[in-house]
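Working notes for the structure below.
The values are calculated or read from the model by the stated rules, or taken from the named source; none is laboratory data. The structure displayed is predicted, hence computed values, not measured ones. Every residue, glycine among them, receives a Cβ derived from its backbone with ideal geometry; neighbour counts consider all protein chains shown. The area values use the complete protein model at the heavy-atom level, side chains included, leaving out ligands, DNA and RNA. Shrake-Rupley method; radii C 1.70, N 1.55, O 1.52, S 1.80 Å.
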Amino acid sequence: MAFTKLSIETAGADATRGSFPPSETDVWTIFRALRDARSVFGLRPGHIQTLQAMLSFLKPGHGETVFASNNSLCQRVGGIDERTLRRHINRFVELGFIKRNDSSNRKRYRVRSSGGKCISYGLSLTPLLQRASELIAIAQEVENNRRDRIFVRKQILTKLAHLEEHDPSNAFINHARKALRRKLSLPEYHALLANTDAECQSLSTPDDPPETMELPANDGQTVRHQSKSKEEKKDLDRNIGDEALDPDLLISVCDQATSFSTERLRNWLDIEYHARTLAPMMGIHPETFEKAKNAVGAQKASCAIFIMLQLGKRIRDFGAYFHSITLGQRQNQFDPLALVKRLSETNERTV
């Protein structure tokens, strides 16, 4: 549908409501705003179709009054009956979007005097145009609310998938999914997200089983391979030692993490910044990293990111394991220094 610019007349019945802010009004922008915000005013699609038909009868430079007969309007809407048309018009009048300027015989027309003054009898859309800024603001608010609801809903679905992966029998999952079948308001979505976060925080993931790998034929080598994997995983659960971890040692041993850095890592601040960058790539939410930092300290949280990435496929779910060793039951058992030393020894034997 083409855009229509309506010039504003200042004489006659159309000027009784005062002057318009702009000299020209994009009536279809106002129409789209009311269409998008129709639920706020209790309007249905049928009402919007009727208004669209009325607007299509306006001509540039001829004011904002619709002179078309009810029969012509019904045909342009798509063949609705006249009673339905009257109900739609009455609804717009009640909302203050349309004003009736009826002639003595109820016909719709315009008359002019010799001096150039005119009187328009018909359905005036002047009130609708005067409320342009209000309708556009309401439509923007409705759109923002819609986008926010989608954004929160996606967060809930992601967290539910995480819960379902680690605890399929959790009763909260079914409760939440049933709630999501309804059209929730934004506060209801936020409340459900908070409850889902609480369920995720209470999740305590047990030790991940060793990954199934193709093993050599020699039984002795098989036993040594399994023992080595278990020892490295157990180092995550050892008590913290008194010796401080040198950042250079962490950087040199955990080359998988440092390979993603575009700049040289020189100190703990650089390590923490890089760990924050890696965390979302590993499925760890930035809020979870921040909570881990507050719980166990920035150095320990950053070490967890570097070490877990170095272990790679030996850890099945980075997000769940990170939560377990920094915020879960094994918070006080994770010993980054011991594990870095063991990784260093492993690298030396490999070389």
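Averaged per residue, what accessible area in Å² does the range 78-117 show with a 1.4 Å probe, protein chains only?
On the way: 2870 Å² over 40 residues.
That works out to 72 Å² per residue.
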Does the range 270-341 come out rounded, prolate or oblate, given a ≥ b ≥ c as the square roots of the eigenvalues of its C-alpha gyration tensor, rounded meaning a/c under 1.5 and, failing that, prolate meaning a/b above b/c?
-> rounded
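May I ask you to order 189-198, 75-84, 302-311 by the average number of other C-beta atoms within 10 Å around their residues, highest value first? Walk me through the numbers on the way to the answer.
On the way: 189-198: 16.0, 75-84: 12.8, 302-311: 24.2.
By packing density, highest mean first, the sequence is 302-311, 189-198, 75-84.
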Share of carbon and sulfur in the accessible heavy-atom surface of the range 104-147 [1.4 Å probe, %] = 48
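Quick one: compute a quarter of the convex hull surface over the Cα atoms of the range 103-197 and quote it in nm². Don't skip to the answer; put the middle values down first.
Numbers: hull surface 41.4 nm².
Averaging across all directions leaves 10.4 nm² for the Cα convex hull.
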Given Cα pairs under 8 Å that are at least 6 residues apart, what percent is the relative contact order of the range 50-119?
-> 24
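Of Lys291/Lys313; Lys293/Lys313; Lys154/Lys178; Lys159/Lys183, which sit over 21 Å apart, Cα to Cα?
On the way: Lys291/Lys313 25 Å; Lys293/Lys313 24 Å; Lys154/Lys178 15 Å; Lys159/Lys183 19 Å.
In this structure, Lys291/Lys313; Lys293/Lys313 exceed 21 Å between Cα atoms.
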Between the modelled labels at Asn144 and Thr29 (7 Å from Cα along Cα→Cβ) the distance in nm is 1.9
So the carbon and sulfur contribution to the accessible area of the range 304-346, 1.4 Å probe, in percent, is 42
Checked the range 72-133 with the C-alpha gyration tensor, a ≥ b ≥ c its square-rooted eigenvalues, rounded below a/c of 1.5, otherwise prolate if a/b is larger than b/c and oblate if not; verdict oblate
Label point distance in nm, Tyr109-Leu180, each placed 7 Å from Cα along Cα→Cβ = 6.3
The range 276-351, accessible area per residue, ligands and nucleic acids excluded (1.4 Å, Å²) = 45
Over the Cα atoms of the range 148-207, how large are the radius of gyration and the largest Cα-Cα distance (Dmax), in Å?
-> 11.4, 39
Residue-span extension gain [Ser169 to Asn294] - 0.36 nm each, minus C-alpha spacing | 41.9 nm
What is the spin-label model distance, in nm, from Leu95 to Ala137 if the labels are put 7 Å beyond Cα along the C-beta direction?
-> 1.8
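Write out the trypsin sites (Lys or Arg not before Pro) in the range 259-347 meeting two conditions: DSSP loop, and at most 10 other Cβ atoms within 10 Å of their Cβ.
Values: sites: Arg264, Arg266, Arg276, Lys291, Lys293, Lys300, Lys313, Arg314, Arg316, Arg330, Lys341, Arg342; in loops: Arg264, Arg266, Arg316, Arg330.
The qualifying sites are Arg264.
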